[in-house]
Amino acid sequence: MFPDTFAREIAEDLISELSGFCDRIEVAGSLRRKRQAVHDIDLVVIPKFVQMNDESLFGHPVQENLLEKKLSQLCLRGELDLVANGSKIKRFLKTVDGDTIPIDIYAATGQTWWTLLLIRTGSRNHNVKLARRAMDHHMALKADGSGLLTPGGSLIHIHSEDDIFHHLGLAYRLPEERE
């Protein structure tokens, strides 16, 4: 466990360093819920992409993920240690003054931003309650944060966390009220 002030300072420094490489970035998890002690740092991001030509003879256009490139640079410089490298979640370790704190970075899209931010903010018990509430309404709140589905299985377009609560027939709860 780490004091929230220690983790928040690291998170804010990392957000400052990564923000130019993201369309959106925000702290999630226990830091967002304002817990005084945390196990790790959770960030939800929408990576920024640019179109470039590949290095083939004909130079076909490719999308380059600027966030991936920046995170790779931070690893090569020894500022972060890569532990897990999935397409939707990346886990790093950062050592500061002898303490090593895990950092989880979750990749969202514009369509999944709000549900992923909600799910990654937690708490686990709160997420279970929301998922059960969705089931009671014959809906599905995807545990991976990919969306809220109608009874027929269609993805509901979400515009805020409040929107999710509304669709579930609940009053909005601030992150620190989600234990």
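The values are calculated or read from the model by the stated rules, or taken from the named source; none is laboratory data. All values derive from a computational prediction rather than experimental measurement. Positions of Cβ are generated from backbone atoms using ideal geometry, with glycine treated the same way; all protein chains shown enter the neighbour counts. SASA here: full protein model, heavy atoms, side chains in, ligands and nucleic acids out. Shrake-Rupley method; radii C 1.70, N 1.55, O 1.52, S 1.80 Å.
Side notes on the structure shown:
- Looking only at residues of the range 92-104 that are hydrophobic (A, V, I, L, M, F, W, C) and open to solvent by less than 10 Å² (accessible area, probe 1.4 Å), we find that the one that is farthest from the chain's Cα centre (by Cα) is ILE101.
- Filter result (in a strand (DSSP E or B) and within 30 Å of ILE156 (Cβ to Cβ)) within the range 85-114: ILE89, LYS90, ARG91, ASP104, ILE105, TYR106, ALA107
- Qualifying residue in the range 171-179 (condition: under 20 Å from ALA107 (Cβ atoms) and open to solvent by less than 50 Å² (accessible area, probe 1.4 Å)): no
- Selection from the range 110-156 of residues that are in contact (Cβ under 8 Å) with a residue 24 or more places away in the chain and open to solvent by 70 Å² or more (accessible area, probe 1.4 Å): GLN111, ARG120, ASN125, ARG133, HIS137, LYS142, ALA143, ASP144
- Selection status of LEU14, free of Cβ contacts under 8 Å to residues at least 60 places away in the same chain and either within 15 Å of TYR106 (Cα to Cα) or under 15 Å from the mean Cα position of the chain (by Cα) (or both): no
- Residues within the range 142-165 that are under 17 Å from the mean Cα position of the chain (by Cα) and either among the β-branched types (Val, Ile, Thr) or part of a loop (DSSP other than H, G, I, E, B) (or both), tallied: 10
- For SER16, the stated conditions hold: it is open to solvent by 70 Å² or more (accessible area, probe 1.4 Å) and in a helix (DSSP H, G or I).
- Residue that is in contact with a Gly (Cβ under 6 Å, 6 or more places away or on another chain) and at negative phi, where the choices are THR121, THR115, THR95: THR115
Table: residues versus (1) surrounded by 13 or more Cβ atoms within 10 Å (Cβ to Cβ); (2) out of contact with any strand residue (DSSP E or B) (no Cβ under 6 Å at 6 or more places or on another chain); (3) under 17 Å from ILE89 (Cα atoms); (4) hydroxyl-bearing (Ser, Thr, Tyr).
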{"residue": "ARG8", "(1), (2), (3), (4)": "yes, yes, no, no"}
{"residue": "ALA11", "(1), (2), (3), (4)": "yes, no, yes, no"}
{"residue": "ILE25", "(1), (2), (3), (4)": "yes, no, yes, no"}
{"residue": "LEU31", "(1), (2), (3), (4)": "yes, no, no, no"}
{"residue": "LEU43", "(1), (2), (3), (4)": "yes, no, yes, no"}
{"residue": "MET52", "(1), (2), (3), (4)": "no, no, no, no"}
{"residue": "PHE58", "(1), (2), (3), (4)": "no, yes, no, no"}
{"residue": "SER72", "(1), (2), (3), (4)": "yes, yes, yes, yes"}
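- Cross-chain or 6+ apart pairs with Cβ under 8 Å, the range 42-68 first and over 17 Å from TRP113 (Cβ atoms), then among the aromatic types (Phe, Trp, Tyr): GLN63/PHE49; GLU64/PHE49; LEU66/PHE21; LEU66/PHE49
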